Amino acid sequence: MKNFMLTLGVAAMAFAGCAQNQDTGKPAIDMANFDNTVSPADDFYQYACGGWMEANPLTPEYSRYGIFDQLDKENQEKLKELIEELNSKPQEEGSVGAKIQMMYAMGLDSLKRNTDGAEPVLSQMQEIDLVSDKKTLSSVVGKMHVESSNPFFNFYIGADEKNSTMNLLQFFQGGLSMGDRDYYLLDDENTLKIRNAYRQYIERLFTLAGYEAANAAKAAETVLGLETEIAKVSVDRATRRDVHKNYNKMTVKEFTTKYNFMDWEVFFKETGICKSVELNAGQVTFFDGLTKLLKKTSIETQKEYLKFKLLNSASNYLSDDFVNANFDFYGRTLQGKEELQPRWKSSLAVVNRSLAEAFGQMYVEKYFPASSKEKMVEMVANLQNALGERIEALEWMSDETKGKAKEKLGTFIVKVGYPDTWKDYSDLEIRNDSYWANICRANVFSHKEMMKDEGEPVDRTEWGMSPQTVNAYYNPTTNEICFPAAILQPPFFNPNADDAVNYGGIGVVIGHEMTHGFDDQGRNYDKDGNISAWWTKEDEEKFNERAEVLVEQYDKIVVLDSLHADGRYTLGENIADQGGLLVAYQAYMNTLKGKEIPADIDGFTYSQRFYIGYANLWAQNLRPQEIMRRTKTDVHSLGKWRVNAALRNIDDFYSAFGIKEGDAMYLAPQERINIW
Ligand SMILES: [Zn+2]
C-alpha cells in the first residue's frame, strides 16, 4: 500500500451548462427513483431512492449494487469498447496497444489457464521448499514482496509525514489474508463460520497445488494458527486512524537490530532498498510482537504460510479450479455473492491496474472533453471560496487557528481529469508464457517504479488514481484533491441538470474531498502536508468534543439485526460527508446571489433538488454478508446512513422538507452537530 488516501468511496460531479456536446440523455432527477409511499420526514433515503432500489435488485454477481456501481458498470463497457477497437487493428509489437491487447487476451484464455493448472506457480513453490534457514527465508520473502504477495508486513516508499517534500521508507503491519484482525479473534457465530470456510479454502488451495489430503488439512491448520498469532499482535482499525501513533521514525539500523526476525541485509538486497538511512516503523507494537512470534515459530511453519500467501495471490490468475476456490471464500462467504463476474470484467480489471495510465490515456482521448476540465476547475474554486467563508464564520474556532486553516485551504493542489505527463510502460514486458507470469512482471514493474522514489523528493505531479477510476481522493501529505475523468459523468456531473442537482452531486463530492483536509486525520497535517501542531490547544479540544458527538450518533445506528455501525472507524468519512453537504450548499447559494430565485422544477424547490440529487448518489442494495464485511473493512458509512444520518444534522434540510418534531428524521436542535 502506498501513502494513505481518503477517498469518496464513490463519486460524481455536475455543473449546469458546462460541457457542450455532452448531452447524456439522462434527466437531472429521475422520477422513477422515488418511493412515494414513504414521507421524506420519516425516511428520506427510502423516499428519494426506494424506487431505484426496487427496480435494481441485486443480481448474482453483486454483493452491493448502487447508482455508483451502475456508473462503474457503464464505465466498464466503455473500457471494453476501447479494447475492442485495439483488437480491430494490428498493434505494433512492444507498443502499449499490444501489451494491453495481450494482457487482456491472456485473462480471457481459460483453455490455456486450465491446461496449465498449477504449473505457473510451481517454480515459486519450489523456491519456498528450498528455504532452510533465516537467510534463505529472507531472500524468498523479499522476492515475494517484489513480485507476488506481501507476507508478514507491508512496506512502501511514500512521503515522510513530518518532512513531506521528501520520500521515506515506510513499514506497515500486514500479513493477514482476511483483511481485519477481528476475523481471527472474535468468536461469534458468524465469525466462526467465516473462519471455518477460510480454513477449508486454505486446504483447497494446497490440494490444488498437489498436496495430499491429510497434508493439506494439516497445512491449513498451521497457516490459520500462524495468522491468528499475527492477528493478536496487530493494531486494531480505530487505532490505525491515529496519525501520531502510526508515525514512528527511527534509523534503519535501529529497526533492523530491534526487529531481527528477518535477515534484513538479504531482504533489502532482494527488494532493492539501498539508499535509506531512516524509516517509519508504523506500528511498533506490531513489529515487537512479530519479532517475538517469529522467533518461536519454526521455519517449516513459516514456509507453509509463505506457500499459502503465494497461492492466495496467484489463485485468481490460475485455472478455474483456483479461481472458483478464491471466489467461494472471498466472494460467496465473505460478501454473499452468488456468481463470479464475467471473465471479461476481471480481465479488464487487470489491464486497468497493470497498465493503468496507458489505458487511461486512451480513455481520456475518447471520452473526456476538455470543457469538462475547465468547468470542474471553476466549480472547485467556488467550493474553495465557500469553505473559506464557512471557516471564517465558525463560532467554535479562534482567529489564530482560522488563519492557518484558511492558509491550508488556499494551498490545495487541485487535480482534475488526468495527469499532465503519462507514465512510461516501455520496461513492462507482456509475454504469452502464462497469465500469472505477466501479473508477476507487472508487479515487479510497479515495484521498481516505486523504488525509484527512494531517498528522492516527492513528485507532487504524480496521480494516486488512474483517470478511468470512478472515485476521488484527498492526499494529506501533498494537500491535494483529485477528481479523475471517470467520475465526471452523470449522476455526479450531468450537463443536462440544473445547478441545484449538480451542486448536490459533484459539488458535495468536491466539498467532501476538501473536508478530508480537516477531518480527524487530515486536520493534523498543515498546509505543507506535515503532521504539526498548527491548532491551539483549546480549538483542538473543541474539535474533539464535536467529533465525539458524531462518533456517538453513528455508533447508535443499527446496520443489521443487532450489529451497530462503527462511529470511530467511519468518523473521517462522516465529517467529510457533512462538510461536503454544507460547503456545496453554500457555494450553490453564492451562485444565486443577485439573481432571481430559480423556479420549481418537477414540483421541487431548488433546495429540495439539491438534497434529492445528493441522496440519489447513494441508492444501493446490499447483501447481509456485505453489510457485515463493510462494517469491519470500509471506512465509509453505508449509503442509507450517508444520507439519513448526515442530513439530520443540517438545518437547511429541515426547512427544505418541513421536518418537524416527532418525525423520524428529526433531531432536536441542541443534538445536531456541525463541524465545518
Ligand atoms: Zn472520503
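The values are calculated or read from the model by the stated rules, or taken from the named source; none is laboratory data. From a predicted model like this one, the values you see are computed outputs, not experimental measurements. No Cβ is skipped: glycine too gets one built from the backbone with ideal geometry, and neighbour counts run over all protein chains shown. Surface areas here come from the heavy atoms of the whole protein model, side chains and all, with no ligands, DNA or RNA. Shrake-Rupley method; radii C 1.70, N 1.55, O 1.52, S 1.80 Å.
Of the residues that make up segment 540-556, is at least one within 16 Å of the ligand (Cβ to nearest atom), open to solvent by less than 50 Å² (accessible area, probe 1.4 Å) and not in a helix (DSSP H, G or I)?
First, the residues of segment 540-556 that are within 16 Å of the ligand (Cβ to nearest atom): 547, 550, 554.
Applying the additional criterion that residues be open to solvent by less than 50 Å² (accessible area, probe 1.4 Å) yields 547, 550, 554.
If we keep only those that are not in a helix (DSSP H, G or I) too, we end up with none.
No, segment 540-556 has no match at all.
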Item to check | Selection from segment 442-477 of residues that are open to solvent by 10 Å² or more (accessible area, probe 1.4 Å), within 16 Å of the ligand (Cβ to nearest atom) and β-branched (Val, Ile, Thr) | outcome: Thr469
Next on the checklist: Here is a check on your reading of the model: is Ala217 without any contact (Cβ under 8 Å) to a residue 24 or more places away in the chain, over 26 Å from the mean Cα position of the chain (by Cα), over 22 Å from Lys296 (Cα atoms) and open to solvent by 60 Å² or more (accessible area, probe 1.4 Å)?
Outcome noted: no
Checklist entry - Can you pull out the residues in segment 648-676 that are assigned to a loop (DSSP other than H, G, I, E, B) and within 12 Å of Pro40 (Cα to Cα)? => result Arg648, Gly658, Ile659, Lys660, Asp663, Ala664, Met665, Tyr666
Checklist entry - Can you name the condition, by its number, that Ala105 falls short on among (1) over 22 Å from Tyr317 (Cβ atoms); (2) open to solvent by 20 Å² or more (accessible area, probe 1.4 Å); (3) not basic (Lys, Arg)? => result (1)
Item to check | Members of segment 492-535 found to be under 19 Å from the mean Cα position of the chain (by Cα) and of a type in the set (Gly, Ala, Ser), listed by number | outcome: Gly511, Gly517, Gly522
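Would you mind stating whether Lys232 is more than 31 Å from the chain's Cα centre (by Cα) and assigned to a helix (DSSP H, G or I)? I'd like the intermediate steps shown before the answer.
Values: more than 31 Å from the chain's Cα centre (by Cα): no; assigned to a helix (DSSP H, G or I): yes.
Here the answer is no, as Lys232 does not meet what is asked.
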Checklist entry - When you go through Ala219, Ala238, Ala231 one by one, which is the residue that is in contact with a helix residue (DSSP H, G or I) (Cβ under 6 Å, 6 or more places away or on another chain) and more than 27 Å from Gly117 (Cα to Cα)? => result Ala231
Item to check | Which listed residue is among the aliphatic types (A, V, I, L, M) and either more than 16 Å from the ligand (Cβ to nearest atom) or surrounded by fewer than 23 Cβ atoms within 10 Å (Cβ to Cβ) (or both), from Ile627, Ile575 | outcome: Ile627
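Against the definition (touching a strand residue (DSSP E or B) at 6+ places or on another chain (Cβ under 9 Å), more than 16 Å from the ligand (Cβ to nearest atom) and either acidic (Asp, Glu) or at pLDDT below 95 (or both)), how does Asp43 come out, yes or no?
Details: touching a strand residue (DSSP E or B) at 6+ places or on another chain (Cβ under 9 Å): no; more than 16 Å from the ligand (Cβ to nearest atom): yes; either acidic (Asp, Glu) or at pLDDT below 95 (or both): yes.
Considered against the rule, which asks whether it is touching a strand residue (DSSP E or B) at 6+ places or on another chain (Cβ under 9 Å), more than 16 Å from the ligand (Cβ to nearest atom) and either acidic (Asp, Glu) or at pLDDT below 95 (or both), Asp43 comes out as no.
How about segment 256-342: which helices (runs of 4 or more DSSP H) wholly inside it have at least 1 residues that are under 25 Å from Asp133 (Cβ atoms), charged (D, E, K, R) and open to solvent by 30 Å² or more (accessible area, probe 1.4 Å)?
Details: elements: 264-271, 284-295, 299-314, 320-326.
Qualifying helices (runs of 4 or more DSSP H): 264-271, 284-295, 299-314.
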Checklist outcome for this item: Here the residues within segment 407-428 that are in a helix (DSSP H, G or I) and either buried (at least 16 other Cβ atoms within 10 Å of the Cβ) or of a type in the set (S, T, N, Q) (or both) are Lys408, Leu409
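Tell me yes or no: at least one residue of segment 614-622 is on the phi > 0 side of the Ramachandran plot, more than 16 Å from the ligand (Cβ to nearest atom) and open to solvent by 20 Å² or more (accessible area, probe 1.4 Å).
Start the filter on segment 614-622 by keeping residues that are on the phi > 0 side of the Ramachandran plot, which leaves none.
No, segment 614-622 has no match at all.
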Item to check | Matching entry among Ala533, Ala565 (being crowded, with 18+ Cβ neighbours inside 10 Å and either under 30 Å from Thr605 (Cα atoms) or more than 15 Å from the ligand (Cβ to nearest atom) (or both)) | outcome: Ala565
Item to check | Residue, farthest from Asn574 (Cα to Cα), within segment 610-643, restricted to residues that are out of contact with any Leu (no Cβ under 7 Å at 6 or more places or on another chain) and among the hydroxyl-bearing types (Ser, Thr, Tyr) | outcome: Thr633
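Could you go through segment 581-602 and let me know if any residue there is of a type in the set (Phe, Trp, Tyr) and away from the ligand (no atom under 16 Å from the Cβ). Give the derivation first.
Of segment 581-602, the ones of a type in the set (Phe, Trp, Tyr) are 585, 588.
Of the ones still in play, those that are also away from the ligand (no atom under 16 Å from the Cβ) are 585, 588.
Yes.
Here are some residues: Leu186, Leu169. Which one is among the hydrophobic types (A, V, I, L, M, F, W, C) and either over 30 Å from Ile273 (Cα atoms) or surrounded by fewer than 17 Cβ atoms within 10 Å (Cβ to Cβ) (or both)? Walk me through it before giving the result.
Values: Leu169 fails: either over 30 Å from Ile273 (Cα atoms) or surrounded by fewer than 17 Cβ atoms within 10 Å (Cβ to Cβ) (or both).
Step by step, each of Leu186, Leu169 is checked, and only Leu186 is among the hydrophobic types (A, V, I, L, M, F, W, C) and either over 30 Å from Ile273 (Cα atoms) or surrounded by fewer than 17 Cβ atoms within 10 Å (Cβ to Cβ) (or both).
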Checklist entry - Picking from Gly210, Gly158, which residue would you name as being in a loop (DSSP other than H, G, I, E, B) and either more than 29 Å from Gln625 (Cα to Cα) or in contact with a His (Cβ under 8 Å, 6 or more places away or on another chain) (or both)? => result Gly210
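From Ala11, Ala48, which residue is modelled with pLDDT of 95 or more, within 27 Å of the chain's Cα centre (by Cα) and among the small types (Gly, Ala, Ser)? Before the answer, list the steps.
Working: Ala11 fails: modelled with pLDDT of 95 or more.
So the residue among Ala11, Ala48 that is modelled with pLDDT of 95 or more, within 27 Å of the chain's Cα centre (by Cα) and among the small types (Gly, Ala, Ser) is Ala48.
Restricting attention to segment 512-530, which residues are open to solvent by 10 Å² or more (accessible area, probe 1.4 Å) and within 15 Å of the ligand (Cβ to nearest atom)? Let's see the steps before the verdict.
Of the residues in segment 512-530, the ones open to solvent by 10 Å² or more (accessible area, probe 1.4 Å) are 520-521, 523-524, 526-528, 530.
Selection gives Asp520, Gln521, Arg523.
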Item to check | Scope segment 125-150; condition within 18 Å of Ser446 (Cβ to Cβ) and open to solvent by less than 60 Å² (accessible area, probe 1.4 Å); matching residues | outcome: Gly142, Met144, His145, Val146, Glu147, Ser148, Ser149
Checklist entry - Of the conditions (1) under 16 Å from Asp242 (Cα atoms); (2) open to solvent by less than 30 Å² (accessible area, probe 1.4 Å); (3) within 16 Å of the ligand (Cβ to nearest atom), Val509 fails just one. Which one is it? => result (1)
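Filter segment 345-382 for residues that are hydrophobic (A, V, I, L, M, F, W, C), surrounded by 15 or more Cβ atoms within 10 Å (Cβ to Cβ) and assigned to a helix (DSSP H, G or I) and give the result. I'd like the intermediate steps shown before the answer.
Step one: of segment 345-382, the residues hydrophobic (A, V, I, L, M, F, W, C) are 348-351, 355-356, 358-359, 362, 364, 368, 370, 376-377, 379-381.
Remaining after also requiring surrounded by 15 or more Cβ atoms within 10 Å (Cβ to Cβ): 348-351, 355-356, 358-359, 362, 364, 368, 376, 379-380.
Correct list: Leu348, Ala349, Val350, Val351, Ala356, Ala358, Phe359, Met362, Val364, Met376, Met379, Val380.
Could you list, in sequence order, all residues of segment 108-119 that are surrounded by fewer than 22 Cβ atoms within 10 Å (Cβ to Cβ) and either aromatic (Phe, Trp, Tyr) or part of a helix (DSSP H, G or I) (or both)?
Taking segment 108-119 and keeping what is surrounded by fewer than 22 Cβ atoms within 10 Å (Cβ to Cβ), we get 108-112, 114-119.
Scanning segment 108-119 gives Leu108, Ser110, Leu111, Lys112, Asn114, Thr115, Asp116, Glu119.
Suppose we filter Thr605, Thr633 for residues that are open to solvent by 40 Å² or more (accessible area, probe 1.4 Å) and at pLDDT below 95; which single one remains? Break it down into steps so the answer makes sense when it comes.
Working: Thr605 fails: at pLDDT below 95.
Going through Thr605, Thr633 in turn, just one is open to solvent by 40 Å² or more (accessible area, probe 1.4 Å) and at pLDDT below 95: Thr633.
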Next on the checklist: Taking the conditions exactly as written (away from the ligand (no atom under 16 Å from the Cβ), touching a residue at least 40 places away in the same chain (Cβ under 8 Å), closer than 28 Å to Gln76 by Cβ and surrounded by fewer than 24 Cβ atoms within 10 Å (Cβ to Cβ)), does Asn496 satisfy them or not?
Outcome noted: yes
